[in-house]
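Trainee: Below is the structure I would like to discuss, written out as structure tokens.
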């Protein structure tokens, strides 16, 4: 057997890989997605609509009036179909024209640089400046900014198109903004589905009355120069049992999803199913009782509830996967908190950059992308296939297996 290095083995295990590059005020964002099978039709309008959804929401800032994100595919797609090679996507930053002298790639004029002179509490500013030995936080802000999530949404849309081919849909909705929240009950897929088709996106809440209360929370934060966070939930509908595994700690589906959603800017906690409430409840109220009846979905095994959020033992169990992200308030405030000047070390107010007041719905769209990328990776690891036809054939064979179990 060849003597592979651990990193080589890891790259073979992870059939679907992706990364992003670019800065908030740089010329463009770039995303690369490797491992997508050949033969997948790419719907350009769908990709651009997903990017549009990320830019919407009540409480967004001035940057969204500048950017009109469109996915410019550079490679991996020809005649509208994936060809098996890495897919690279470019997103132009229209704001670049206002920053190209301040942030040139070449040496340029240092006098036109726009330093971030005092770190913002809650942001990566200070930790990043210390880590990379920067004298101020401009370069930290540029990469740590949530602008980067647009690149994830672009390739996440491709993952969604792939999942659609095997009957899986991924969408999000907002459960809470500030102190305004929905009653603690499971919102059905049929109520979430229309939210993605709205022509005007406010706060992506399935209940109109609660959404109005959420708007009041945003209005209050805007009046007081503050910001507000909240909770979003991503739902994956139509996921078959068997994605992920309990066999290794880093292959558990719940761990992969938690890490993917937690990787988004400003997410400070992730919950699967009723994870938080389950910690304080007796087992008889938590675990989903099992039945056996007519085929619904992929199998004849059924559940009376979905407290587990569709995952047991690190494996999808055939129910909807439900993942909640807890988003802290944006750390850039129009009424800045106390900080320290990088140069003088004297007390000052934290730096202010144009920013949003509330981004919970947008974070939900970015989390959809991360969930879709994770599920697509796990599906490809299980079903394989260099072409979509091969993957679909393997998937259908597995579906027959579990129906006949």
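Trainee: Specify which of the listed residues (381, 368, 389) is modelled with pLDDT of 95 or more and over 16 Å from residue 257 (Cα atoms).
Mentor: Sole residue among the options that is modelled with pLDDT of 95 or more and over 16 Å from residue 257 (Cα atoms): 389.
Trainee: Ok, one more. Can you tell me which of (1) surrounded by fewer than 14 Cβ atoms within 10 Å (Cβ to Cβ); (2) touching a residue at least 24 places away in the same chain (Cβ under 8 Å) is the one residue 271 doesn't meet?
Mentor: If we test residue 271 against (1) surrounded by fewer than 14 Cβ atoms within 10 Å (Cβ to Cβ); (2) touching a residue at least 24 places away in the same chain (Cβ under 8 Å), just (1) comes out false.
Results for (1) touching a helix residue (DSSP H, G or I) at 6+ places or on another chain (Cβ under 8 Å); (2) over 15 Å from residue 173 (Cα atoms); (3) modelled with pLDDT under 95, shown as yes or no for each residue.
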site: 223; (1), (2), (3): no, yes, yes
site: 233; (1), (2), (3): yes, no, no
site: 241; (1), (2), (3): yes, yes, no
site: 245; (1), (2), (3): yes, yes, no
site: 267; (1), (2), (3): yes, yes, no
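Every residue, every condition in (1) without any contact (Cβ under 8 Å) to a residue 60 or more places away in the chain; (2) touching a helix residue (DSSP H, G or I) at 6+ places or on another chain (Cβ under 7 Å); (3) farther than 26 Å from residue 129 by Cα, yes or no:
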residue: 324; (1), (2), (3): no, no, yes
residue: 335; (1), (2), (3): no, no, no
residue: 339; (1), (2), (3): no, no, no
residue: 351; (1), (2), (3): no, no, no
residue: 369; (1), (2), (3): no, yes, yes
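Trainee: Would you confirm, using the coordinates I've provided, whether residue 234 is touching a residue at least 60 places away in the same chain (Cβ under 8 Å) and either within 30 Å of residue 401 (Cβ to Cβ) or crowded, with 19+ Cβ neighbours inside 10 Å (or both)?
Mentor: So residue 234 passes the test.
Trainee: Among (1) surrounded by fewer than 16 Cβ atoms within 10 Å (Cβ to Cβ); (2) touching a strand residue (DSSP E or B) at 6+ places or on another chain (Cβ under 8 Å), which single condition is residue 113 missing?
Mentor: For residue 113, the exception is condition (2).
Trainee: A further question on this structure: Which pairs have Cβ atoms under 8 Å, sit 6 or more apart or on different chains, and link a residue in region 60-81 that is within 30 Å of residue 98 (Cα to Cα) to one that is modelled with pLDDT under 95 and surrounded by fewer than 15 Cβ atoms within 10 Å (Cβ to Cβ)?
Mentor: 61/354; 62/354; 63/354; 66/94; 67/94; 68/94
Trainee: If you scan region 294-310, which residues turn out to be touching a strand residue (DSSP E or B) at 6+ places or on another chain (Cβ under 8 Å), surrounded by fewer than 19 Cβ atoms within 10 Å (Cβ to Cβ) and in a loop (DSSP other than H, G, I, E, B)?
Mentor: Hits for region 294-310 are 304, 306.
Trainee: Tally time: how many residues in region 180-193 are exposed (fewer than 14 other Cβ atoms within 10 Å of the Cβ) and modelled with pLDDT of 95 or more?
Mentor: So the count comes out to 3.
Trainee: Of the residues 319, 396, which is out of contact with any helix residue (DSSP H, G or I) (no Cβ under 9 Å at 6 or more places or on another chain), part of a loop (DSSP other than H, G, I, E, B), within 30 Å of residue 33 (Cα to Cα) and at pLDDT 95 or above?
Mentor: Going through 319, 396 in turn, the sole match is 319.
Trainee: Pick out the one residue from 310, 314 that is closer than 16 Å to residue 378 by Cα, touching a helix residue (DSSP H, G or I) at 6+ places or on another chain (Cβ under 7 Å) and in contact (Cβ under 8 Å) with a residue 24 or more places away in the chain.
Mentor: Testing whether each residue is closer than 16 Å to residue 378 by Cα, touching a helix residue (DSSP H, G or I) at 6+ places or on another chain (Cβ under 7 Å) and in contact (Cβ under 8 Å) with a residue 24 or more places away in the chain leaves just 314.
Trainee: List, please: which pairs have Cβ atoms under 7 Å, are six or more places apart or on different chains, and start with a residue in region 199-222 that is on the phi < 0 side of the Ramachandran plot and assigned to a helix (DSSP H, G or I) and end with one that is modelled with pLDDT of 95 or more and surrounded by fewer than 19 Cβ atoms within 10 Å (Cβ to Cβ)?
Mentor: From residues that are on the phi < 0 side of the Ramachandran plot and assigned to a helix (DSSP H, G or I), the pairs are 217/179.
Trainee: Can you name the number of the only condition in (1) surrounded by 14 or more Cβ atoms within 10 Å (Cβ to Cβ); (2) touching a strand residue (DSSP E or B) at 6+ places or on another chain (Cβ under 8 Å) that residue 221 fails?
Mentor: That leaves (2) as the condition not met.
Trainee: A follow-up question, please. If we scan region 252-260, do we find a residue that is at negative phi, out of contact with any helix residue (DSSP H, G or I) (no Cβ under 8 Å at 6 or more places or on another chain), part of a helix (DSSP H, G or I) and touching a residue at least 12 places away in the same chain (Cβ under 8 Å)?
Mentor: Looking through region 252-260, at least one residue is at negative phi, out of contact with any helix residue (DSSP H, G or I) (no Cβ under 8 Å at 6 or more places or on another chain), part of a helix (DSSP H, G or I) and touching a residue at least 12 places away in the same chain (Cβ under 8 Å).
Trainee: Could you tell me whether residue 291 is touching a strand residue (DSSP E or B) at 6+ places or on another chain (Cβ under 8 Å), over 19 Å from residue 231 (Cβ atoms) and free of Cβ contacts under 8 Å to residues at least 60 places away in the same chain?
Mentor: For residue 291, the condition - touching a strand residue (DSSP E or B) at 6+ places or on another chain (Cβ under 8 Å), over 19 Å from residue 231 (Cβ atoms) and free of Cβ contacts under 8 Å to residues at least 60 places away in the same chain - is met.
The values are calculated or read from the model by the stated rules, or taken from the named source; none is laboratory data. All values derive from a computational prediction rather than experimental measurement. Neighbour counts run over all protein chains shown; Cβ positions are idealised from the backbone, glycine included.
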